[in-house]
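Just below is one structure, and these are the notes that go with it.
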């Protein structure tokens, strides 16, 4: 008899949170939510890593292609290898073309997911947008390297002082040059929009 009482009380203790928790979450869901966008980022070294991470093949391929196109368009270039490696990491730069300007390797890409959150009076099906941006190897301040975006490097205070700027009136590292870089790095390519 005592085993039955203990067993029943254990079932009760386990079942009670399973009944109370959903009711609590349901009542919390009824609180009005403000409109806006919720964002998350996933970093991948290549499309295969993206697929292994559980992302659909077409999204991984489209994300990588978009990041590669942006890399070709916005990656900083340098006159000297040492300047490139100072902004990134040793061994991560290459001579881009016949101009002999040095550029960092594309080391990965990020998929940024944005979901539109609407108030309770809004449309029940949120809009989902996917962006992609190139990632590069950078020092992690612990002696190793990590994947980092140009946007994040600029946000962390790096000015790309030694980068080759084609605009004659801008001086590398100046406020105007930083503002121009921010505009260049910030727009990420939208490659997928859906309404689930």
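Computed from the coordinates by the stated procedures, all read-outs in this text should not be read as laboratory data. Note that the structure is a prediction, hence the values are computed from the model and not measured. Cβ sites come from the backbone with ideal geometry, for glycine too, and all protein chains shown count toward neighbours.
Brief remarks follow.
- Between residue 52 and residue 37, the distance separating the two model label sites (each 7 Å from Cα on the Cα→Cβ line) works out to 3.1 nm.
- Extending 7 Å from the Cα toward the beta-carbon at both residue 146 and residue 94 defines two label points whose distance is 2.6 nm.
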